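Chemist: This is the structure I want to talk about, given as structure tokens.
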Amino acid sequence: MPADMVLLAFEPQEGAGKIMKASRRNNSPEPVAAIEIGSTGIRLLIASIDETGSVNVLDRAGKPSRIGRDVFTTGSIGRDAIRESVAVLLSFRELLNGYGIEPDRTKVIATSALREAANRDTFLDRVQLQTGFKIRVVEDIEENHLMYLAVQQALQDERKLLSRNNAMVLEVGGGTTEIMLLRRGKMVSSHSLHIGTLRLEEQMREAGASKQYLQEYLESNIKNACDLMTEDIPLETIKSFIVVGSDARLAAYYVSGKNYEGYSLLDRAGFMAFASSAAAMSVEDLIATYHLPWAEAEGLGPGLMIESLFLARTGAEELIIPKVSIREGLLLAESKGLDPAVEEELRRQIVASAQALGKRFHYDEAHAHNVASLSVRLFDSTAEEHGMKRHERLLLETAAFLHDIGTYIRSSGHHRHGEYIVSNSEIFGLNRSDINIISNVVRYHRRTPPSPAHVNYISLPREDRITVMKLSAILRVADALDRNHTGRMYDARFEKNGDRLIIRSARNLDFSLERLSLADKGDLFEDVFGLSPIIV
């Protein structure tokens, strides 16, 4: 590690089980690297990923950054911050060279500060030209997804417990606070609140506010946020409170608790007492007492205060503190195909998040399940014709669950209302490109097919427009087969015979209504795939 490089205080350390192994074996896989450009620091993780998909840490480095301070006060990244960021990334490049990792093989992401920076395009271009690193700015929903993957891996021993309890996963950053709510292991919702340690510090400094005012400000804002979340899940039923971040790891280090390979357990009362004590201390006292760099000490009090206020609204008696960061999640996301169990778990969480969104808008749950089941079976039966992969299958399944969500606003034109709801919502595990595809598929599950005259459709990249066309054609057929919302064709089988798609049911019923609906909705399927759907 270069002499001027330091580990930021209480970064996840070595010795945390499979995800944290630091010994490099002779037969270890080729090393990979992830860099996170956050509000308060730029951090590097070098690791290898074994055949099970576990991240084995080889090296870490980090430097404080003023990016967040600039953005949250002026809206842009200052010239000095850009120069410092380039210098840090060049030093990271030197470290990566020792592992034989080129910049184009390094996964580099940026979070809330760069999302909000008015000059972010200039920053991205300058960094790429001067360092070779291509930065991807992730949305808050993707940030949640990456953190979830890392937490899931770190808490392998606790998975059974989490599947029995309701849980909250909380991460307090410099610009935002990210929250995930799980009901018995299934994702209910995820939230990104504009409450962060650095953002708060700048707001309080500008207002000349006292610590007492900060406490009252946070209590008010967190109460409002919790009141909204209670619509998703009663917060008092949450028994597993999972906190990610250096603030919580510091508390776990100084307060007596239980330490395991991938995580620590800390009792509620002990954490609350530590948080209250730290929040009352000055930055200088925090530096002297806990041997923290200035950048970490500044945000410690507000961070612990936010965490304790959320904890107080739950029924959890202890905290679970994983020894991971978003960088482990980024590498796991790249390797998730190595472990089918991880990929299937992610699929379930995405579907659960979509179902939670549907319930919020009072969708017809039975009909949605029937159409989703028919859609994926039809997708699998026509794999040769559409040539799409598992990710598109997941997008189809998600769109099928949400295709009638617009009836919450009005039955007439509900396909357009549904497009609006989905395009302005978040679904855990899916990025904005995925959401745009799904919202368009919801739009075209009935009535007019995709058209160049429709702005939301034509603004998509060409590949995404083709995906929308194919998925809409499949969803239309599946929806037609459950025209009366009774699931009468739940057992439908699909067979290809020449230029016909034969749809059979083992039930001897009158399917006249389904045939009429299919005659109205099946044209797009025939146009796209060259198969005429027929019920026999």
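The values are calculated or read from the model by the stated rules, or taken from the named source; none is laboratory data. Here the structure is a predicted model, which means the values were calculated and not measured. Counting neighbours? That spans all protein chains shown, and the Cβs are built from the backbone with ideal geometry, glycine included. To get the accessible areas, we keep the full protein, side chains included, count just its heavy atoms, and leave off ligands, DNA and RNA. Shrake-Rupley method; radii C 1.70, N 1.55, O 1.52, S 1.80 Å.
Chemist: Return yes or no: is Arg164 over 26 Å from Ile222 (Cβ atoms), without any contact (Cβ under 8 Å) to a residue 60 or more places away in the chain, surrounded by fewer than 20 Cβ atoms within 10 Å (Cβ to Cβ) and in contact with a strand residue (DSSP E or B) (Cβ under 7 Å, 6 or more places away or on another chain)?
Modeler: No.
So that you can scan it fast, the table gives a plain yes or no per residue for (1) at pLDDT 95 or above; (2) of a type in the set (D, E, K, R); (3) in contact with a strand residue (DSSP E or B) (Cβ under 8 Å, 6 or more places away or on another chain):
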| site | (1), (2), (3) |
| --- | --- |
| Arg205 | no, yes, no |
| Lys211 | no, yes, no |
| Gln215 | no, no, no |
| Asn221 | no, no, yes |
| Met229 | no, no, yes |
| Asp232 | no, yes, yes |
| Leu235 | yes, no, yes |
| Val243 | yes, no, yes |
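Chemist: Would you please name the residue that is farthest from Ile321 (Cα to Cα), looking only at residues in region 250-265 that are over 22 Å from the mean Cα position of the chain (by Cα) and open to solvent by less than 30 Å² (accessible area, probe 1.4 Å)?
Modeler: In this case the residue turns out to be Val255.
Chemist: If we keep just the residues of region 69-81 that are in a helix (DSSP H, G or I) and in contact with an Asp or Glu (Cβ under 9 Å, 6 or more places away or on another chain), which is surrounded by the most Cβ atoms within 10 Å (Cβ to Cβ)?
Modeler: Here the answer is Val71.
Chemist: Please give the number of the condition Ser264 fails out of (1) part of a helix (DSSP H, G or I); (2) within 30 Å of His145 (Cβ to Cβ); (3) of a type in the set (Ser, Thr, Tyr).
Modeler: Result: Ser264 fails condition (1) only.
Chemist: Of all the helices (runs of 4 or more DSSP H) wholly in region 324-417, which have at least 1 residues that are within 21 Å of the chain's Cα centre (by Cα) and farther than 25 Å from Met489 by Cβ?
Modeler: Per the criteria, 326-335, 340-360, 390-402.
Chemist: Consider region 496-522. How many of its residues are outside any helix (DSSP H, G or I), open to solvent by 10 Å² or more (accessible area, probe 1.4 Å) and in contact (Cβ under 8 Å) with a residue 60 or more places away in the chain?
Modeler: 1
Chemist: Go through Asp140, Asp125 for me and flag whichever is touching a helix residue (DSSP H, G or I) at 6+ places or on another chain (Cβ under 8 Å) and not aromatic (Phe, Trp, Tyr).
Modeler: After applying the criteria, what remains is Asp140.
Chemist: Go through (1) open to solvent by 20 Å² or more (accessible area, probe 1.4 Å); (2) in contact (Cβ under 8 Å) with a residue 60 or more places away in the chain; (3) touching a Pro at 6+ places or on another chain (Cβ under 9 Å) one by one and return the number of the condition Glu526 breaks.
Modeler: The number of the failed condition is (2).
Chemist: Can you pull out the strands (runs of 3 or more DSSP E) entirely within region 134-190 that have at least 2 residues that are over 30 Å from Glu201 (Cβ atoms)?
Modeler: Correct list: 177-183.
Chemist: Given Ala478, Ala473, which one is in contact with a Gly (Cβ under 9 Å, 6 or more places away or on another chain) and either part of a helix (DSSP H, G or I) or under 23 Å from Ser425 (Cα atoms) (or both)?
Modeler: Answer to the check: Ala473.
Chemist: Collect the residues in region 29-55 that are of a type in the set (D, E, K, R) and more than 14 Å from Gly100 (Cα to Cα), keeping them in residue-number order.
Modeler: Glu36, Arg43, Asp50, Glu51
Chemist: On the given criteria, is Glu419 buried (at least 23 other Cβ atoms within 10 Å of the Cβ) and not aliphatic (A, V, I, L, M)?
Modeler: It is true that Glu419 is buried (at least 23 other Cβ atoms within 10 Å of the Cβ) and not aliphatic (A, V, I, L, M).
Chemist: Right, next: Go through region 31-44 and give me each residue that's assigned to a strand (DSSP E or B) and either open to solvent by 10 Å² or more (accessible area, probe 1.4 Å) or modelled with pLDDT of 95 or more (or both).
Modeler: Val32, Ala33, Ala34, Ile35, Glu36, Ile37, Ile42, Arg43, Leu44, listed by residue number.
Chemist: Here is a list of conditions, (1) open to solvent by less than 20 Å² (accessible area, probe 1.4 Å); (2) within 18 Å of the chain's Cα centre (by Cα), and Thr197 meets all of them except one; can you say which number that is?
Modeler: (2)
Chemist: Could you give me the residue pairs with C-beta distances under 8 Å whose first residue belongs to region 125-141 and is closer than 16 Å to Ile35 by Cα and open to solvent by less than 30 Å² (accessible area, probe 1.4 Å), whose second residue is outside any strand (DSSP E or B) and of a type in the set (S, T, N, Q) wherever it lies, and which are 6+ apart or on separate chains?
Modeler: Sorted first by the residue in region 125-141, then by its partner, the pairs are Val127/Ser85; Ile135/Gln128; Val138/Thr111; Val138/Asn431.
Residue-wise test of (1) hydrophobic (A, V, I, L, M, F, W, C); (2) part of a loop (DSSP other than H, G, I, E, B).
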| site | (1), (2) |
| --- | --- |
| Leu90 | yes, no |
| Leu96 | yes, no |
| Ile101 | yes, yes |
| Asp104 | no, no |
| Val108 | yes, no |
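Chemist: Turning to a different aspect of this structure: Do any residues in region 377-401 that are β-branched (Val, Ile, Thr) have Cβ atoms under 6 Å from those of residues that are surrounded by 22 or more Cβ atoms within 10 Å (Cβ to Cβ), where the two are at least six apart or on different chains, and which pairs are they?
Modeler: Thr398/Ala354; Thr398/Ile438
Chemist: May I ask you to list the residues in region 49-68 that are polar (S, T, N, Q) and either open to solvent by 10 Å² or more (accessible area, probe 1.4 Å) or touching a His at 6+ places or on another chain (Cβ under 6 Å) (or both)?
Modeler: Matches in region 49-68: Thr52, Asn56, Ser65.
Chemist: State all residues of region 291-338 that are among the β-branched types (Val, Ile, Thr) and buried (at least 23 other Cβ atoms within 10 Å of the Cβ); if no residue qualifies, say none.
Modeler: Answer for region 291-338, where residues must be among the β-branched types (Val, Ile, Thr) and buried (at least 23 other Cβ atoms within 10 Å of the Cβ): Ile306, Ile320, Ile321, Val324, Ile326.
Chemist: Could you go through region 368-377 and let me know if any residue there is within 29 Å of Val169 (Cα to Cα), touching an Asp or Glu at 6+ places or on another chain (Cβ under 9 Å) and open to solvent by less than 50 Å² (accessible area, probe 1.4 Å).
Modeler: Yes, there is a match, as at least one residue in region 368-377 is within 29 Å of Val169 (Cα to Cα), touching an Asp or Glu at 6+ places or on another chain (Cβ under 9 Å) and open to solvent by less than 50 Å² (accessible area, probe 1.4 Å).
Chemist: Take the residues of region 441-460 that are basic (Lys, Arg) and either modelled with pLDDT of 95 or more or open to solvent by less than 30 Å² (accessible area, probe 1.4 Å) (or both): which is farthest from Val422 (Cα to Cα)?
Modeler: The selected residue is Arg446.
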